[in-house]
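**Student:** Below you will find the structure I want to go over with you.
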Amino acid sequence: MLKQFEQQWGQKIMTTKPLQVAIEKKIKAGQKAFIPYIMAGDGGLKAIRKQILFLQNEGVTAIELGIPFTDPVADGPVIQEAGSRALKEGANLKVILNEMAQFKEDIQVPLIIMSYLNPILAYGIEKFVAKCEEVGIAGLIIPDLPVEESEMIRSKLITSPVALVQLVSLTSPQNRIEKIAKAAEGFIYAVTVNGITGVRNEFGKSLDEHLHNLKEISNIPVLAGFGISTPEQVEKIGAMADGVIVGSAIVKAFHEGNESAIKALLPKVVVND
Amino acid sequence: MVKELSEQKAGRYGKFGGQFVPETLMTALNELETAYDEATKDPSFHEELQYYLKDYVGRENPLYYAERLTKKIGGAKIYLKREDLNHTGAHKINNALGQALLALRMGKKKIVAETGAGQHGVATATVCALFDLECVIFMGKEDVRRQALNVFRMELLGATVVSVDQGGGTLKDAVNEALRYWVTNVEDTHYILGSALGPHPFPRIVRDFQRVIGDETRKQILEKEGRLPNAIVACVGGGSNAIGMFHPFVNDESVKLYGVEAAGSGIQTGLHAAAFAELKEGVLHGAYMYLLQDDNGFIQEAHSISAGLDYPGVGPEHCYLHDIGRVKYSSVTDDEALEGLKLLSRTEGIIPALESAHAIYRAAEIAKEMKPDEILVICLSGRGDKDVETVRAAMGAENHDN
Ligand SMILES: Cc1ncc(COP(=O)(O)O)c(C=O)c1O
């Protein structure tokens with residue numbers, strides 16, 4: 001079956017994408033994956049390189065690179081404000097990708113672009129995928145593209161190393177979770193709260209069960225994110241999953257120039273890597 | 001024939017529509033769709049809705065022959081569909097009522113909504129008071145300023161009004177915040193979206209609850225004139241009054257349909273709210289539609305003197321009706337809308353909402369080119385009480401010159 005498709009496309013179909021391989025490597029070494037989120041262009045376009053290299057140097061598993069948008073409905077105040085600052089700096093998908101092309105040789109850590117759908121549509125899906133491959137982007141997270149609508153992008157990634165990461169939420173019923181798990185590439189992004197990105201003090205009791213269930217169903221890594229903002233949460237929630245994604249706390253620390261706060265968030269195993 | 005094409009695949013109108021929302025909302029949308037499908041099959045739901053539409057909203061409202069306006073224009077016979085006479089003063093209550101009954105069926109006791117002009121917010125706060133539902137309304141800070149009276153009305157009705165500072169502080173920003181609130185409180189909260197916008201099934205639900213406008217108009221014009229109108233004109237913000245008016249006539253090819261968007265300071269100035277003037281496709285608030293945006297896919301602020309038309313997109317079914325050529329869309333500037341408002345006020349003693357005034361201005365132009373034995377219907381979507389301050393400020397200098 002695979003062979004048939006490959007002949008048809010004349011290219012190799014990517015079933016296991018490099019992003020997944022990188023995360024699994026971490027897990028196999030008995031460690032937790034740690035993916036920080038940064039807002040591209042917050043602090044200026046030149047800050048992108050600095051922030052990526054800093055995090056790479058700290059041994060993070062991958063980096064999620066947020067693209068600023070005028071209407072970020074899935075984001076809380078911290079990332080909204082970072083996005084507004086980045087917009088004021090003139091950041092957009094095009095200049096960010098061009099900026100990254102300048103220093104792609106320096107990057108070894110997998111990069112994941114997180115963008116709302118409309119900037120990608122405006123860029124042109126095929127052109128965007130080609131540019132991602134050129135720059136060496138490992139994954140895409142599109143928060144307003146549920147699995148039902150994802151064909152428009154997925155169909156362009158069949159032979160590409162770029163993974164389309166799917167989100168699963170606490171509200172997703174079992175049959176949806178199964179459907180999403182089937183479609184997922186790279187890793188499954190388990191949204192840990194009903195809500196938007198941001199800082200949380202508490203997580204629902206059902207989270208443990210939810211993540212356990214997800215790991216049962218999925219045969220790719222499950223990473224938890226949204227609202228994780230303290231070293232204690234990184235440890236506690238990391239223990240229930242294959243790793244964590246930390247957004248607002250990282251964005252805030254970079255904005256405040258507080259690099260030691262970022263180091264404190266990294267799970268100890270990562271630092272020892 | 002057109003009707004069958006209208007929603008070929010659930011939630012799709014041609015290439016428009018869809019469900020472009022965070023995963024956390026997908027389950028709520030699926031639940032809503034199921035609950036709505038069940039409700040439409042349940043006669044007791046219709047009975048209840050009919051009861052409140054009649055005894056609470058005051059339907060059916062008149063289809064009024066505007067004789068002096070007709071004489072003044074000197075063309076087609078002009079009728080006004082009087083949505084302005086509804087309880088709370090606009091068509092918005094039709095949808096708010098229907099969706100509140102739906103929320104009750106789903107066992108949700110909390111409501112969130114966005115509002116631009118404040119009309120949808122007032123309508124939502126009203127039905128929440130009526131059914132004892134907790135109510136949070138998001139409103140852009142610019143709209144809070146220009147619709148201060150409606151803010152107070154909502155608060156009187158027991159709603160919490162939250163001013164939204166992000167972006168330009170208008171309707172689109174209020175929708176963003178309402179969506180964020182809904183994502184966070186989805187388990188016990190229903191989002192009463194106020195226009196024929198957003199992810200499926202909202203465009204369909206809102207249209208169905210608003211089609212009472214067109215259904216009544218059809219019946220009334222047949223009673224009065226024994227035939228269908230030659231033309232119908234409605235203003236288009238997100239498109240709910242227009243789609244509700246148009247929908248029952250879409251298959252009557254003899255009835256020309258006109259949608260009127262806000263041209264703000266003029267299309268060429270870039271300060272407008274006319275998505276059909278630019279025809280750029282994109283995704284915002286869960287739907288694929290025509291949308292004001294720049295080359296980077298960043299959404300542009302809409303501009304209009306009327307808060308209710310101040311939205312950068314237009315509902316997916318309208319996008320489809322545009323593409324198949326069934327409805328003609330055009331736009332009217334702030335100044336022209338003020339003309340329309342004065343025209344109706346002075347010929348008929350009816351002060352229209354600024355939104356509706358856009359339809360009046362364009363309708364007057366269209367009627368003028370029509371024959372006296374032809375009929376034109378205007379959807380008078382709301383009354384102008386809420387706009388008197390804005391109009392006074394806009395007319396400023398010319399206040400005393402006539
Ligand atoms: C009186 C009135 N007419 C029209 C509109 C525009 O909305 P829609 O296009 O959904 O009918 C509004 C919106 O607030 C309104 O208050």
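The values are calculated or read from the model by the stated rules, or taken from the named source; none is laboratory data. Small disclaimer: the values here were computed from a predicted structure and weren't measured. Cβ placement follows ideal geometry from the backbone for every residue including glycine, while neighbour counts extend to all protein chains displayed. Note: areas computed on protein heavy atoms with side chains; ligands, DNA, RNA excluded. Shrake-Rupley method; radii C 1.70, N 1.55, O 1.52, S 1.80 Å.
**Student:** Counting partner chain Cβ atoms within 10 Å of every residue's Cβ in A:71-79, what's the average? Intermediate values should be presented prior to the final figure.
**Tutor:** Numbers: counts 13, 3, 15, 8, 2, 2, 2, 0, 0.
That average works out to 5.
**Student:** Right, here's the next one. Evaluate peptide B:284-296: per residue, the Cβ atoms of other protein chains within 10 Å of its Cβ; return the mean as an integer. Intermediate values should be presented prior to the final figure.
**Tutor:** Details: counts 7, 3, 4, 0, 5, 0, 0, 2, 0, 5, 3, 4, 15.
So the per-residue partner count for this stretch is 4.
**Student:** Then there is this: If I stretch the segment between B:LYS71 and B:ASP215 completely, what's the gain in nm (0.36 nm per residue apart, minus their alpha carbon distance), one decimal? Show your work: numbers first, answer last.
**Tutor:** Numbers: separation 144, 0.36 × 144 = 51.84 nm, distance 2.71 nm.
Taking 0.36 nm per residue and subtracting the Cα distance, the gain is 49.1 nm.
**Student:** Now for a different question. Distance check, please: which entries in B:LYS71/B:LYS256; A:LYS32/B:LYS110; B:LYS72/B:LYS386; A:LYS88/B:LYS9 exceed 31 angstrom between their Cα atoms?
**Tutor:** Numbers: B:LYS71/B:LYS256 22 Å; A:LYS32/B:LYS110 39 Å; B:LYS72/B:LYS386 27 Å; A:LYS88/B:LYS9 40 Å.
Those over the limit are A:LYS32/B:LYS110; A:LYS88/B:LYS9.
**Student:** Go ahead and estimate [θ] at 222 nm for chain A from helices alone: -39,500 (n - 2.57) per DSSP H run with n ≥ 4, summed, over the residue count, rounded to 500.
**Tutor:** On the way: 14 runs with 126 residues, N = 273.
Mean residue ellipticity at 222 nm (helix-derived): -13000 deg cm²/dmol.
**Student:** Quick one: which bits of the stretch B:167-195 get at least 10 Å² less accessible when the partner protein chains are in, versus the chain alone, with a 1.4 Å probe?
**Tutor:** B:LYS172, B:ASN176, B:LEU179, B:ARG180, B:VAL183, B:THR184, B:VAL186, B:GLU187
**Student:** About its Cα centre, what dipole magnitude does chain B give when the only charges are +1 on Lys and Arg Cβ and -1 on Asp and Glu Cβ, stated in debye to the nearest 20? Spell out each step's value before the answer.
**Tutor:** Values: 43 positive and 57 negative charges, 176 e Å.
Here the size comes out at about 840 debye.
**Student:** For the protein assembly as shown, give me the percentage of DSSP beta bridges that are antiparallel, rounded to the nearest 5 percent. Walk me through the numbers on the way to the answer.
**Tutor:** Values: 16 of 78 bridges.
Antiparallel: roughly 20 percent of the beta bridges in the protein assembly as shown.
**Student:** Where a Cα-Cα gap under 17 Å defines reach, which lysines qualify for A:LYS50, not counting those fewer than 8 residues away within the same chain?
**Tutor:** A:LYS104, A:LYS252, A:LYS263
**Student:** Also, quick follow-up: What size of dipole, in debye to the nearest 20, comes out for the protein assembly as shown about its Cα centre when the only charges are +1 on Lys and Arg C-beta atoms and -1 on Asp and Glu C-beta atoms? Show your work: numbers first, answer last.
**Tutor:** Details: 71 positive and 88 negative charges, 127 e Å.
Dipole of the protein assembly as shown, to the nearest 20 debye: 620 debye.
**Student:** Heavy-atom accessible surface, probe 1.4 Å, ligands and DNA/RNA ignored: which residues of the stretch A:157-172 lose at least 40 Å² versus the isolated chain?
**Tutor:** Hits at the 40 Å² cut-off: A:THR171.
**Student:** Which whole number gives the average, over all residues in A:120-133, of C-beta atoms from other chains lying within 10 Å of the residue C-beta? Before the final figure, lay out the partial values.
**Tutor:** On the way: counts 2, 8, 10, 3, 0, 0, 0, 0, 0, 0, 0, 0, 0, 0.
The per-residue average across the peptide is 2.
**Student:** Return the unpartnered cysteines for the protein assembly as shown, using a Cβ-Cβ cut-off of under 4.7 Å.
**Tutor:** Taking the Cβ cut-off of 4.7 Å, the unpaired cysteines of the protein assembly as shown are A:CYS132, B:CYS235, B:CYS319, B:CYS379.
**Student:** If you don't mind, another one. Take each complete run of DSSP H in chain A, measure how far its Cα atoms stretch along the helix's own axis, and keep only those covering 27 Å or more with mean Kyte-Doolittle hydropathy at least 1.0; list them. Present the calculation step by step, with values, prior to reporting the outcome.
**Tutor:** On the way: long enough: none.
Result, helices passing both filters: zero.
**Student:** Charges only on Cβ, +1 for Lys and Arg, -1 for Asp and Glu: so what's the dipole of chain A about the Cα centre, in debye to the nearest 20? Walk me through the intermediate numbers first.
**Tutor:** On the way: 28 positive and 31 negative charges, 83 e Å.
Charge dipole, chain A, about its Cα centre: 400 debye, nearest 20.
**Student:** Between B:LYS141 and B:GLU31, take the C-beta separation as r, use R0 = 30 Å, and let me know the FRET efficiency to the nearest 0.05.
**Tutor:** Working: r = 32 Å, r/R0 = 1.08.
After rounding to 0.05, the efficiency reads 0.40.
**Student:** Now for a different question. Computing the accessible area with a 1.4 Å probe over protein heavy atoms, can you report the carbon and sulfur percentage for chain B?
**Tutor:** On the way: 7090 of 14130 Å².
Within chain B, the accessible surface is 50 percent carbon and sulfur.
**Student:** What percent do you get for the relative contact order of chain A when only Cα pairs under 8 Å and 6+ apart count?
**Tutor:** Values: 506 pairs, mean separation 60.9, N = 273.
Taking the mean separation of contacting Cα pairs over the length of chain A, I get 22 percent.
**Student:** Give me the distance in nm between label points sitting 7 Å out from Cα along the Cα-to-Cβ direction at B:ASP294 and A:THR159, one decimal.
**Tutor:** The answer from the label model is 3.6 nm.
**Student:** Given a Förster radius of 51 Å and the C-beta distance between A:LYS236 and B:LEU222 as r, what FRET efficiency does 1/(1 + (r/R0)^6) yield to the nearest 0.05? Mind dumping the intermediate values first?
**Tutor:** Details: r = 68 Å, r/R0 = 1.33.
Rounded to the nearest 0.05, the efficiency is 0.15.
**Student:** While we're here: Measure off 7 Å from each Cα along the Cα-to-Cβ vector at A:GLN174 and B:ARG346, then give the distance between these two points in nanometres to one decimal.
**Tutor:** Placing both labels 7 Å along Cα→Cβ, they lie 7.1 nm apart.
**Student:** So, one more: Could I have the simple spin-label model distance between B:VAL162 and A:LYS268, label points 7 Å from Cα toward Cβ, reported in nm to one decimal?
**Tutor:** Each label point lies 7 Å from its Cα, and together they span 4.0 nm.
**Student:** Near A:LYS182, which aspartates and glutamates are there with a Cα under 17 Å away, not counting those fewer than 8 places off in the same chain?
**Tutor:** Output for A:LYS182: A:GLU148, A:GLU149, A:GLU151, A:GLU216, B:GLU23.
**Student:** In the stretch B:252-273, which residues have a backbone nitrogen under 18 Å from the label point lying 7 Å from B:GLU374's Cα in the Cα-to-Cβ direction?
**Tutor:** Flagged as within label range: B:252-260.
**Student:** Which value, in square angstrom to the nearest 100, describes the accessible area buried between chains A and B on both sides, using a 1.4 angstrom probe?
**Tutor:** Counting protein atoms only, the buried area is about 2600 Å².
**Student:** When only DSSP loop residues count, what trypsin sites (Lys or Arg not before Pro) in the stretch B:69-123 have their Cβ near at most 16 other Cβ atoms within 10 Å? Walk me through the intermediate numbers first.
**Tutor:** Numbers: sites: B:LYS71, B:LYS72, B:LYS77, B:LYS81, B:ARG82, B:LYS92, B:ARG105, B:LYS108, B:LYS109, B:LYS110; in loops: B:LYS108, B:LYS109.
Of the trypsin sites (Lys or Arg not before Pro), the ones in loops of the stretch B:69-123 whose Cβ has at most 16 other Cβ atoms within 10 Å are B:LYS109.
**Student:** Applying a 10 Å radius around every beta-carbon, put A:112-118, B:257-263, B:121-127 in order of their mean neighbour count, most first. Mind dumping the intermediate values first?
**Tutor:** Details: A:112-118: 25.1, B:257-263: 26.7, B:121-127: 29.6.
Listed from highest to lowest mean packing, they are B:121-127, B:257-263, A:112-118.
**Student:** Right, next: Which value in deg cm²/dmol, rounded to the nearest 500, describes the helix-derived mean residue ellipticity at 222 nm for chain B, given -39,500 (n - 2.57) per DSSP H run of n ≥ 4 and division by the residue count? Write out the running numbers ahead of the final one.
**Tutor:** Numbers: 17 runs with 176 residues, N = 402.
So the calculated ellipticity at 222 nm is -13000 deg cm²/dmol.
**Student:** Given R₀ = 56 Å, FRET efficiency for B:LYS109-A:GLU105 by Cβ-Cβ distance, to 0.05? Present the calculation step by step, with values, prior to reporting the outcome.
**Tutor:** Numbers: r = 57 Å, r/R0 = 1.03.
FRET efficiency, B:LYS109 to A:GLU105: 0.45.
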